[in-house]
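These notes are about the structure you will find just below.
The values are calculated or read from the model by the stated rules, or taken from the named source; none is laboratory data. No experiment lies behind these values; they were computed from the predicted model shown. Glycine gets a Cβ as well: all are built from the backbone with ideal geometry, and neighbour counts include every protein chain shown. Side chains included, ligands, DNA and RNA excluded: accessible areas come from the protein's heavy atoms. Shrake-Rupley method; radii C 1.70, N 1.55, O 1.52, S 1.80 Å.
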Amino acid sequence: MNRYLFSTVVLVVLVFTAGCYGPQRVIKKSCVDCHSEEVKRFGQEGTLHTPVAEGRCEGCHSPHGLIGGVLLKGKDASLCYRCHKKEDMEGKSTHTPLKEGECLTCHDPHSSPYRAITIKGGNELCYTCHPREDFQGNRVHRAMDRGCNSCHEPHSSEYSYNLKDEGNRLCADCHDPLSASFNRSHFDYKVAGSDCLSCHTPHYSKSKTLIRDFVHKPFEDKTCTECHNPADSEEPLETRLKGSELCYSCHRDLKERFDKRRLVHSPLGECTRCHDPHASDQKMELVSKEDVLCYSCHGDTKKKQAKKYMHTPLKKGQCSGCHEPHSSDTEKFLKMSTDTLCYECHKKTDFSGKVVHRPVRENGCIRCHDAHSSEQDFLILKTEGELCYSCHATERSSFDRVSVHPRVKQGRCSACHMPHRSSYAGLLTDSPERLCFECHFTTIREVSREGRHKVFEDGRCLACHSAHASNSPHQLLTDVPEVCYSCHEPVKEDLARRNVHQPFEAGKCTTCHMPHGSKLRWALSRPPDSLCYSCHKDFREEMEREGVFVHKVVKDGGCAECHKSHATRERWLLRRDGRTLCNNCHDTSTEEITIAHSSIKIEGSDCLGCHEPHMGKDRSLLHRVLHKPFKDGDCKRCHSRI
C-alpha cells in the first residue's frame, strides 16, 4: 500500500513540474560535432557529394549506427538509387560496375578532387580495371589524350562498348568522311558509310594511321584493285569476283589442298565469315579472337566445355591447336589422328617404358581423357576410381570385401599405380619392396633391423597381405594363423602334441608375436616375463605378496627356460619331465644335494613331487601342504629302505 502511495505522489509531482516549466526537448547534436575532422577533409578535396555539401549525412547514414561501425540506410546501389534514377543509368550496354551495383568502384561517397567525385581522374580511373598496356603502343589515338569519356559513356549507352554514338557517326565527329583529304588518304575510294573499325583500331597501333596489326597483303601493298574495281569506276567498292572465287584467284594452292581432303568445314567457301579482307587484330586476319569466332557457331560446345579443368589449347582459345579450320581427313577435323596428335605437345618418351598401360599402348588417350574439359583433374572422363573400373570391372567385384585398402576405398588407384607407364609389373609407382613403405614408413621405424620379421625385412608385404581387399582383418590373405602357417609349417605340426598353449591352440599368434617384428627375440610383443604375466596375472600377484620366496629362474623372467611356448608332450608345457628338467640347474647327484635332502639320494626323482616350481614360503620351495611324517623329517615311518 505504501509503495502504491509513493508512486502516486511522484507522478503528481512530475505532472505539476512539467506544467510549471513547460515542455522539455532533447537537444540533438549534429554529425559535425563529432566528425569535424572528416568534414574538414571533405571540404578540402574540391568536389562534394550533394548530401555532404548540404550537411545531410542522414541522407545515407542512420544516426543510430552500430558501435564502431557505420550503418547505411541501404545496401549497394539501392542506396544511390534513392536520389539517382536507375532508369537514367541503364541502357543496352551497361558498364560492368554499374551492372553489378558497385558504384564505389569508380566514385567516392563523400568527396573527391575530381569531377563526378570519382576516386581517380581521367583515364587513370579506367586503368584501375582495364590494363594500361592494352591501350599503349607506338601510335595512340589522339582521342585518348582527351580521355576515355570522349568516346565512351561512363555508365551506359544504347551502343556497344558504351560508345556515345554508332561507330561511324562517332568517328565522323572528328574525321570528315566527305572531305578531299579523307578520300585521298583512302586512295580516292569513297568509303563514307563503311565500317571504320574493320581496318582501324580505336585505341593504338603500330601504324601511323591506326591500321590493325595483321593486314591482308593487297591492303598492305596498297593494291586495292587486286580485289576491288578501280576507284573511278561506277561501283568502286564492289569486288572483281564474287565470294571465294576472288580469294582463290590468289590462294589456288589452298583450294587444291582443301579439295583433296575428305571432310570440309561448312564455312569454307565463305571466307569473310572468318577472315577480314583488310586488317585485323588477330593472326590470319581473323574477324575476332579464335575461340570467340569458333563459338559464334559452336555455342552449344562452349556450354559443354565450361568445366573446372580445361585443356591448355582450349584455355588459351587455340582451337586450331588440334583442329583444322578448313578441311581434314580425320574425324572432328583433327589435324592428324589421335595416335600422333597428342604427342605433338606431350613427349612420347614420357609414355614409353618397360610396362605400358594398354590404352596408351593402343594410342587411346581419349579412352581416359576428355579432349576439351572435365570436372576431374588431368581431364579424365570420370572420377579416378570409376574410370579405372570402366575397364577393370572384374577387379571391382573382387574388392567388395570386409577389409579394403584405404586408397581402394577412396578410388585413388594412382596412389600405387602409374596411369601411363612404369618400370614395374602392375604399373606400380615403385618396386613392391618399397611401395608400401611410402605410406607405412612409421611401421618400419617401430621395428629394429635385428628384430624384423624376415618377410617384412625383405619388403614382401604381399606374402601376408592383399594389396586391395580381403575378408580378413588388415587385408590379410587368410585369417591368422593360416597366413602364418604358410611359412611356418613345422610350427603347425606342434598342434598334434598332447599339451598345447591356449593362444596357440586358438590360432592367436599375435597374442604373443608382433607380425612385422619387434626389438625382442622371436618378434615378441613385450619381454617374456611381462608377456606371460599379461595372461597369468595370478603368478604376478602371488610373487608380490610379502614373505614369498621366488624361484630365481622365475624372478629373472626365465619362463622359457622351463616351458615351451607352443606345445609339448609334458604337462604344464614343460620342456622335459620333472626328473630331468630341474637337473639342468640343480645336479641331483652331488653330495650337497643329498645332504640337503636328509642324506637321502634323490637322483632320478621327480622334484615337483615335493617342491613348488615358482615360489614358496621359504627358499626350500616346498609345497604349502606337507604330509606330517615328511614335515617332521620322519621318512622311515613310511619308507623302510632309505
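Worth a mention:
- When each of G243, G269 is tested for being open to solvent by 50 Å² or more (accessible area, probe 1.4 Å) and touching a Gly at 6+ places or on another chain (Cβ under 9 Å), the lone residue that passes is G243.
- Residue match in segment 107-118 (condition: among the hydrophobic types (A, V, I, L, M, F, W, C), modelled with pLDDT of 90 or more, surrounded by 15 or more Cβ atoms within 10 Å (Cβ to Cβ) and within 39 Å of the chain's Cα centre (by Cα)): no
- Conditions (1) over 24 Å from K283 (Cβ atoms); (2) open to solvent by 70 Å² or more (accessible area, probe 1.4 Å); (3) touching an Asp or Glu at 6+ places or on another chain (Cβ under 7 Å); (4) in contact (Cβ under 8 Å) with a residue 24 or more places away in the chain; number of the one not met by N162: (2)
- Where helices (runs of 4 or more DSSP H) fall wholly inside segment 1-106, no range has 2 or more residues that are of a type in the set (D, E) and modelled with pLDDT under 85.
- Residue in segment 128-151 that is polar (S, T, N, Q), assigned to a helix (DSSP H, G or I) and either closer than 30 Å to S205 by Cβ or touching a helix residue (DSSP H, G or I) at 6+ places or on another chain (Cβ under 7 Å) (or both) present: yes
- Only residues that are without any contact (Cβ under 8 Å) to a residue 60 or more places away in the chain, touching a strand residue (DSSP E or B) at 6+ places or on another chain (Cβ under 7 Å) and under 24 Å from Y533 (Cβ atoms) were counted in segment 463-519, giving 2.
- Enumeration of residues in segment 308-324 that are of a type outside the set (A, V, I, L, M), closer than 18 Å to Y295 by Cβ and in contact with a Leu (Cβ under 9 Å, 6 or more places away or on another chain): H311, C319, G321, C322, H323, E324
- Qualifying residue in segment 274-290 (condition: open to solvent by less than 40 Å² (accessible area, probe 1.4 Å), more than 16 Å from S328 (Cβ to Cβ) and over 42 Å from the mean Cα position of the chain (by Cα)): yes
- Out of R571, R576, one residue alone is open to solvent by 90 Å² or more (accessible area, probe 1.4 Å) and free of Cβ contacts under 8 Å to residues at least 12 places away in the same chain. It is R576.
- Counting only residues that are open to solvent by less than 40 Å² (accessible area, probe 1.4 Å) and part of a loop (DSSP other than H, G, I, E, B), segment 308-347 holds 3 of them.
- Set side by side, the residues L246, L178, L241 differ, and just one is over 30 Å from L104 (Cα atoms), modelled with pLDDT of 90 or more and not in a loop (DSSP other than H, G, I, E, B), which is L246.
- Conditions (1) among the hydrophobic types (A, V, I, L, M, F, W, C); (2) farther than 21 Å from K304 by Cβ; (3) at pLDDT 95 or above; number of the one not met by F351: (3)
- Listed by first and then second residue, the pairs linking a residue in segment 377-401 that is farther than 17 Å from H357 by Cβ and open to solvent by 80 Å² or more (accessible area, probe 1.4 Å) to a residue that is modelled with pLDDT under 95 and not in a loop (DSSP other than H, G, I, E, B), with Cβ atoms under 7 Å apart and 6 or more places separating them unless they lie on different chains, form an empty list.
- Within segment 402-419, the set of residues being among the polar types (S, T, N, Q) and open to solvent by 40 Å² or more (accessible area, probe 1.4 Å) comprises Q410, S414.
- Any hit, segment 114-125, residues being touching an Asp or Glu at 6+ places or on another chain (Cβ under 9 Å) and among the basic types (K, R): no
To keep it simple, each residue is scored yes or no on (1) within 30 Å of E505 (Cα to Cα); (2) out of contact with any strand residue (DSSP E or B) (no Cβ under 7 Å at 6 or more places or on another chain); (3) not acidic (D, E).
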position	(1), (2), (3)
A560	yes, yes, yes
L574	yes, no, yes
R579	yes, yes, yes
I602	no, yes, yes
D606	yes, yes, no
H611	yes, no, yes
R619	no, no, yes
V625	no, yes, yes
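- Residues in segment 119-136 that are under 39 Å from the mean Cα position of the chain (by Cα), free of Cβ contacts under 8 Å to residues at least 12 places away in the same chain and surrounded by 15 or more Cβ atoms within 10 Å (Cβ to Cβ): Y127 alone.
- One residue from I595, I600 being assigned to a loop (DSSP other than H, G, I, E, B), of a type outside the set (S, T, N, Q), at pLDDT below 90 and exposed (fewer than 14 other Cβ atoms within 10 Å of the Cβ): I600
- Filtered by the rule that a residue be part of a loop (DSSP other than H, G, I, E, B), of a type in the set (G, A, S), over 32 Å from the mean Cα position of the chain (by Cα) and under 22 Å from C416 (Cβ atoms), segment 435-483 gives a lone residue, S472.
- Condition check for L293: in a helix (DSSP H, G or I), under 28 Å from H369 (Cα atoms), open to solvent by less than 80 Å² (accessible area, probe 1.4 Å) and in contact with a strand residue (DSSP E or B) (Cβ under 8 Å, 6 or more places away or on another chain): yes
- In segment 619-642, the qualifying residues are those that are in a loop (DSSP other than H, G, I, E, B) and either at positive phi or touching a Gly at 6+ places or on another chain (Cβ under 9 Å) (or both), and the one that is least open to solvent (accessible area, probe 1.4 Å) is L621.
- Residue that is nearest to L581 (Cα to Cα), among those in segment 543-568 that are assigned to a helix (DSSP H, G or I) and open to solvent by less than 50 Å² (accessible area, probe 1.4 Å): C562
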